[in-house]
1. Pull out a ≥ b ≥ c, the square roots of the eigenvalues of the alpha-carbon gyration tensor of chain A, then state rounded if a/c is under 1.5, prolate if not and a/b is larger than b/c, and oblate in the remaining case.
2. Where in chain A are the helices, taken as whole DSSP H runs, whose Cα atoms extend 18 angstrom or more along the long axis and whose Kyte-Doolittle mean reaches at least -0.5?
3. Against the longest alpha carbon principal axis of chain B, how many degrees, from 0 to 90 and to the nearest 10, is the axis of helix B:249-265 turned?
4. How large a share of the accessible area of region B:23-167, in percent, is made up of carbon and sulfur atoms when the probe is 1.4 Å and the other protein chains stay in place?
5. I'd like the mean, over residues of B:560-570, of how many other protein chain beta carbons sit within 10 Å of each residue's own Cβ.
6. Please go through region A:192-249 and write out the trypsin sites (Lys or Arg not before Pro) that DSSP classes as loop and that have at most 14 other C-beta atoms within 10 Å.
7. Say each of A:LEU34 and B:SER69 gets a label point 7 Å from the Cα, pointing the same way as Cα to Cβ; how far apart are those two points in nm?
8. Any idea what the dipole of the protein assembly as shown comes to, in debye rounded to 20, about its Cα centre with Lys/Arg Cβ at +1 and Asp/Glu Cβ at -1?
Amino acid sequence: MTQASTSPSVPAAAPRPDGARQSLRARLASARHLWLLVPLLALIEVASLAVRVSRVAPHSDWRAAATFVRAQQRPGDLITSAPAWTDPVLRLVLGDRVTLAQTGRSDTDAFTRMWALSVRGERPHDAPPRDPDFEQAFGRVRVLRWDLGASPVRFDLVEHVREAEVVRVEGDRELPCPWRVGSAEGGGVGAGTETPAARFICDPRRPWLWVAPVVNEDLSLEARYCVYQHPPGAEPVRVTYHDVSLGTRLVLYGGVYATHERMGENGPIDVAVKVDGIVVGTMTHRDLDGWKRMEAATAERPGTRGDVSIEVTAVNPNLRTFCWAARTEDGPRRPRSAP
Amino acid sequence: MTPTFGVPAVSVLAEPRATWRDHLAGLLMCVVYVAVLLATANDLAMARDESFYVDAAQSYAGWFEQLGSDRAAAMTPEAITRGWSYNHEHPALMKALFAFSWMAQQKWHVFPNDSLAFRFPGMVTAGLLLWLVYVFGVRTFGRAAGAFAAASLALMPRVFYHAHLDCFDVPIVFFLTLVTYCYWRSLTLSRFRWFWVLATGVTYGLALATKHNAWLLPGVLVIHWVWAALGEVRARRRGGVREVSLVPWWLLAILTLGPLVFYASWPWIWHETLPRLREYAAFHLHHDYYNMEYFGRNYFWPPFPVSYPFVMTAFTVPVTTLVLALGALLRRTRAFLPASLAERALPQFLHATGVIRADRRATDVLFLGALLQPMLVIALPSTPIFGGTKHWFAAYPFLALFAGVGFVYVTRGFRQLVGQRIPSPRVVVRALAALVLLAPSLAETAHSHPFALSHYGMLAGGVPGAATLGMNRQFWGFTTGSLVPWFKQQMPEGGTVWLCDTTWGAWRMLQRDGLLPENIRAAGDLAHADYALVHHEKHFAEVDFQIWVAFGTSTPATVLTYDGVPIVTVYENPAHARRRLARRVR
């Protein structure tokens, strides 16, 4: 065969097949009719757009579902939505009931029931792996509820951080970090954790050395409601809670602002958990660990109370924008849901 | 001549001609497309990069005015540096055109608002691209294929969006396709070949002067030329007539005229040429890595996923267009192979309908190379990915041309089916097939506006499906424009807005265009702005969290959605809310 022309062409006529090749040729000839399926595909594509648009939940459905949940909500209830990208819509209709602790939760242990406003048949990633205990449709939005059982949490250290005593340790000295209400600072991509208006200020010369509850972006870019506690160096900033109900264990999660962790190039952070001055648990957080969990046993003193301290240090404190969430727990552990 | 699907069968030496009627049709496509772009442009606030190019164009316009009034002063190194230093990481051609358009606007008020003046040159290149694709199609696969290709390209949702902008992404597609066309025309030993050789060099210079994507095109052309030349040698040995030039004059033109045009178009490099060229090259060879969400993961550092351009193309180009193109590619497999190999590997009987063979210019190979090269470059794990699909737009004219071939195959199938049972079967079948096969493109594009960078098609499950899959939802912050009516309603007495990804220049352009009151100002301090907004891109999640901490609430004031998927969330500073409510009480 020779190449024939200076331009390609779309030929019309089929060559006459050899006898031996006829059956294959016939089958292939029928394959040409596959082209006739393309207009069918086009119609399906147009129809799929119409279906997609018609499946969008109108705002009125979200409002109706929100009204229902608002009426049913009890203390200890968690309100969430699925899929996760609907979260802003959830907060638009139920923002007054969705706390930062709910949105920035590390797990569901603090909650007794989970409400979910769901579209497209999705369920929250941390919902129990079973059918919901309640389900009702409001147009295209479904309200789902899982009863999680009694919460094992006895004392949430993030919720009570305002009551804590915060000091910066320098040699033998403990320098108090006073609580101040000023002005929020920061904002923008790459700017890191927002400095809240109200915070413990540990060193005016080092404006990053403060302690306060914030919402931090962890390595997976998820919201974490936690206590920001940037280590000053090898000597700690210490946050102490007095007379805490201890339970049998203390659970702590910790992580670094995503941009400061994601390159895996900064030094480790050490966390020490003390009860009445005695170390009951430690955690070393290294870059790329993400939102890391540790558990310290306090079972030797069940049912008792004590002073709980969280100390954070780092030999090299550069970009160690550490944040933690902790609580004391009692009773049986809940099954861990997927992160 | 034997008719083949209405396509004239080509003779050995002649190539299908594009008549004046074809050029008239191409011009009509161009004009209609530009008119549609002009009519829909005000729905789109300026994107980040547009606002930078506005600043550049205004700076360049200042220099051009100086050139008109005092040529000697304008040509001094100081004046050139002053006028052309802004945004010198990109060459000047399109920004100079934006500047001329802006100067015309200042003098004659050609456009209803300023943003259209800056955007108009880009829109014209989009229109010219359709004309070019149509003519390219006419000359390769026929009129029907060319027309369908142009229409399907025009109606790719993301192409339609980018065609509005005062950016380089559509202009560079036009110039790269034009270079490819001139090169292709220059290959034959026709009497106009020297014109096309020169045109290849000049248009390559214009491409260089538009965007750095042009650096890579000669590689594709060289590979193709070697392929075609080997085929030509084989054909001549078998006694064939001489058809394709075996001397790469086009390459000589690219290597000489190209740099000359590039140099002439960019005053910035008229002084300190080598250091400035080095700086320009270094910027792109060592480009920053940005964030891009892909299947739920935020990529910010290599290696980047190889599948990215292919999956994103599948998710954003109408499926019908893709299937037509892929079907045509499969159908024309023989044309991608040397004749002897095609005969051995793919006997003709496997191709049940008609003889498919490579032409002497190996046009199919050229198209395949031009289709794959931009995507393969982005697929390299080390290539930064940050521009959604626009960085491989240069592939799409050729994707559209193959879709045009697929369209011809479909119409032929239907014509065989209906025979002569209807009057004028050729016309009726073509019209109906075009209507049906372009319907998804038209519907998706219409639905995508003004959220085209958030738009995903059927294979992704649409916008919500893509959100669930964890695909990038937008970039460039232009969706703020969709909130202008809301801001006007909320802030009748003015106020401040923290803009997240929207640049102050883009915000200012909304005011220059008269769309946004002057007293609704951009704010630099998130914590003290009256309103703060978040564009929902995965790596902007931290901005949401910052606002919650700064404002002490996570309850939005409003959420802009597209197909139910949040695009922008706006928060009101509680301090502002208190003042607003107090005013209402008074």
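The values are calculated or read from the model by the stated rules, or taken from the named source; none is laboratory data. A quick note: this is a predicted structure, and the numbers were derived from the prediction, not measured. Cβ placement follows ideal geometry from the backbone for every residue including glycine, while neighbour counts extend to all protein chains displayed. For accessibility, only protein heavy atoms count, side chains too; no ligands or nucleic acids. Shrake-Rupley method; radii C 1.70, N 1.55, O 1.52, S 1.80 Å.
1. prolate
2. Details: long enough: A:37-54 (25 Å, 1.92); A:59-72 (20 Å, -0.53).
Answer set is A:37-54.
3. 20 degrees
4. Values: 3160 of 4800 Å².
Carbon and sulfur: 66 percent of the exposed surface of region B:23-167.
5. Values: counts 1, 7, 1, 5, 14, 6, 8, 1, 1, 5, 2.
If you average over the peptide's residues, the count of other-chain Cβ atoms is 5.
6. On the way: sites: A:ARG199, A:ARG205, A:ARG224, A:ARG238, A:ARG249; in loops: A:ARG205.
For trypsin sites (Lys or Arg not before Pro) across region A:192-249 that sit outside H, G, I, E and B with at most 14 neighbouring Cβ atoms in 10 Å, the list reads A:ARG205.
7. For A:LEU34 paired with B:SER69, the spin-label model returns 6.8 nm.
8. Working: 91 positive and 75 negative charges, 915 e Å.
Taking the Cα centre of the protein assembly as shown as origin, the dipole is about 4400 debye.
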